[in-house]
Every structure is written in structure tokens, then in C-alpha cells.
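> Dropping a structure here in C-alpha cells format, bear with me for questions.
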Amino acid sequence: MNFPPRLIVLLKAAERITVLTGAGVSAESGVPTFRDAQTGLWAEFKPEELATPSAFRRNPRLVWEWYAWRRKLVAEAKPNAAHIALIEMEKRIPDFTLITQNVDDLHRRAGSVNVIELHGNITRTKCFDENLLMTTWADTGEVPPRCPRCGGLLRPDVVWFEEAMPEEETARAFGRSANCDVFLCIGTSSVVYPAASLPFEALENGAIVVEINTEPTQLTGKADYVLSGPAGILLPELIRTVWSDGGF
């Protein structure tokens, strides 16, 4: 692809880059999007019926088993070329932040370091009552398992509908969006808030905003540059064009 020459110059000169990734990046690794995960045994349920505290209180086993199925899908997925390209970008930028809406842990598994997980991480488990992360618990066969501290039920460490966003991660995400030279919005529909506000936060504070997506979004008409296509193809090409040092 022939990228705009001015974009190449801007990226090469940038010292502070913030990236936001969404479901489109994970989809290229074969991870179904949140709503696409309603297949097979789960086709009769809407995501909103399974991803809320009230759903968990009503039928904790059902919710736990849905997430166990999704965890298996995630565990079988591998980071794709877009994930790898973002690692290469992080190596070359003095102040780099990767914000993700995805809960699949693929960015960290690929090797990204400075990651803000806005919606949590499906591979982690926490206590429903105490909101504390748990790494081990007794295998009694009970579903869901019990918290070893208080005996409460364990749940995935993700943000559900009806729940507040994590304060620290959200504050950091807005801070990094407001203080960057270039903001890349990759593979996100730009309809889920507050994440959808981040590129506009960057725009309002003078950053160059670049959108990489396969379809237009509400950001498309506002972004400084729009690259249309799969991130797994465009990102490696972009990085090779900007940093043609033979290292990637």
C-alpha cells in the first residue's frame, strides 16, 4: 500500500504514540467478537443475558460455563501479524501506550509491555464478593469454584454490563490519549464508550489521529488519516515503511 508521505514523516518523528485496539484485531486471530460468540449451545442467549452481575447472581453456573467456553477459544488463538507489529512499534517509540478493549490477553502474550486493559482480562479470575484477584483455589468440583479467602463465588476478571469501568485504567487511558503526538485507532467499531471517546480526546488535544479498520465508523470522518483494510496486513506494511531499518 502507498501510505500518505506526510503520515510516514509524522510517525517517524513521533515520540509519544497511543494505540487503541478493538475486536477487529482479535478477530484476525480467530477470536469471535463478543456477539459472534453466541453460537452452538449459546445461540439461544443474548450476551446481555450472560455478562451482567444480575445474570451471575441468577445463574452463576451458566455464566461461568459460558466464560469457560470463551476462555478455551482464547487459549487456542495465537497473536497475529497486527499484534507482532505493535510490539515492533513499541520498541521504536520512546513513550508508547497500548490501550485495548479486548479481554483475550493476546497483546501481552505477543509481547506488548505497556498495556492498559480497559475491559479486563478473561484469563484472570477474581472473587465476586471481594473483587480481589485469585490465582489458586481448591478444586472441589463446584461450578463456579469458591474464593479461598471468603468462600464467595469466583468470576472472570472482565467488566460486565451494569458495572463501572476500572477507575485507574480509565484515567490512564484518557491521560495517555490527551498527551500523545499520534493516536492510532485499530479494529474498533468506535461505538462502545468510554473507549470510543479516546480518539476524540486525542483530537481535541492536538494529536494526529489515524484509523485502521475494514469498515467506516463514526471516527472515520474526523480522523486525520484513514487506512482501510485488515490490521494484520496494514500495520506490518506501515511499520516497515516508517522504520525501514531491516529490523522488522
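The values are calculated or read from the model by the stated rules, or taken from the named source; none is laboratory data. Values in this document were obtained by computation on a predicted structure and should not be read as measured data. In this analysis, Cβ positions are derived from the backbone assuming ideal geometry, glycine residues included, and neighbour counts consider all displayed protein chains.
> Take the residues of segment 50-67 that are outside any helix (DSSP H, G or I) and either modelled with pLDDT of 95 or more or not small (G, A, S) (or both): which is surrounded by the fewest Cβ atoms within 10 Å (Cβ to Cβ)? Show your work before the answer.
First pass over segment 50-67, keeping only residues outside any helix (DSSP H, G or I): 50-52, 59.
Subsequent filtering for residues that are either modelled with pLDDT of 95 or more or not small (G, A, S) (or both) retains 50, 52, 59.
Values: L50: 22, T52: 16, N59: 14.
That would be N59.
> Okay, next question. Going by the structure shown, is P60 more than 25 Å from S189 (Cα to Cα) and without any contact (Cβ under 8 Å) to a residue 40 or more places away in the chain?
Answer is no for this residue.
> Here is a follow-up. Can you go through D181, D157, D129 and tell me which one is over 30 Å from P60 (Cβ atoms), acidic (D, E) and at pLDDT 95 or above?
Being over 30 Å from P60 (Cβ atoms), acidic (D, E) and at pLDDT 95 or above holds for just one of D181, D157, D129, which is D181.
> Let me ask something else. Tell me yes or no: at least one residue of segment 144-160 is crowded, with 19+ Cβ neighbours inside 10 Å, under 26 Å from A68 (Cβ atoms) and among the basic types (K, R).
yes
> From the list T170, T136, which residue is touching a residue at least 12 places away in the same chain (Cβ under 8 Å), under 15 Å from the mean Cα position of the chain (by Cα) and farther than 16 Å from V25 by Cα?
Criteria check complete, one pass: T170.
> Still on this model: Could you count how many residues in segment 71-80 are among the hydrophobic types (A, V, I, L, M, F, W, C) and surrounded by fewer than 17 Cβ atoms within 10 Å (Cβ to Cβ)?
Residues flagged as among the hydrophobic types (A, V, I, L, M, F, W, C) and surrounded by fewer than 17 Cβ atoms within 10 Å (Cβ to Cβ) within segment 71-80 amount to 2.
> Ok, one more. Exactly one condition in (1) more than 18 Å from the chain's Cα centre (by Cα); (2) farther than 30 Å from T135 by Cα is false for V191; which is it?
Of everything listed in (1) more than 18 Å from the chain's Cα centre (by Cα); (2) farther than 30 Å from T135 by Cα, V191 misses just condition (1).
> Check W137 against each of (1) touching a Pro at 6+ places or on another chain (Cβ under 6 Å); (2) at positive phi and name the one condition it does not meet.
The failed condition is (2).
> Starting from segment 7-27, keep only residues that are more than 14 Å from H83 (Cβ to Cβ) and in contact (Cβ under 8 Å) with a residue 12 or more places away in the chain, then list their pairs with residues that are assigned to a loop (DSSP other than H, G, I, E, B) and aliphatic (A, V, I, L, M) whose Cβ atoms are within a distance under 6 Å, requiring at least 6 positions of separation or different chains.
If the second residue must be assigned to a loop (DSSP other than H, G, I, E, B) and aliphatic (A, V, I, L, M), the pairs left are I17/I93.
> Moving to a separate point now. Select from segment 135-182 the residues that are out of contact with any helix residue (DSSP H, G or I) (no Cβ under 7 Å at 6 or more places or on another chain), over 18 Å from A195 (Cβ atoms) and of a type in the set (K, R) and list them in ascending order.
R146, R149 - these are the residues of segment 135-182 that are out of contact with any helix residue (DSSP H, G or I) (no Cβ under 7 Å at 6 or more places or on another chain), over 18 Å from A195 (Cβ atoms) and of a type in the set (K, R).
> Let me ask something else about it. Based on this model, can you work out whether V209 counts as at pLDDT 95 or above, touching a Pro at 6+ places or on another chain (Cβ under 7 Å) and on the phi < 0 side of the Ramachandran plot?
Values: at pLDDT 95 or above: yes; touching a Pro at 6+ places or on another chain (Cβ under 7 Å): yes; on the phi < 0 side of the Ramachandran plot: yes.
Considered against the rule, which asks whether it is at pLDDT 95 or above, touching a Pro at 6+ places or on another chain (Cβ under 7 Å) and on the phi < 0 side of the Ramachandran plot, V209 comes out as yes.
> Do we find a residue being buried (at least 17 other Cβ atoms within 10 Å of the Cβ), at pLDDT below 95 and not in a helix (DSSP H, G or I) anywhere in segment 35-49?
Yes, segment 35-49 contains a residue that is buried (at least 17 other Cβ atoms within 10 Å of the Cβ), at pLDDT below 95 and not in a helix (DSSP H, G or I).
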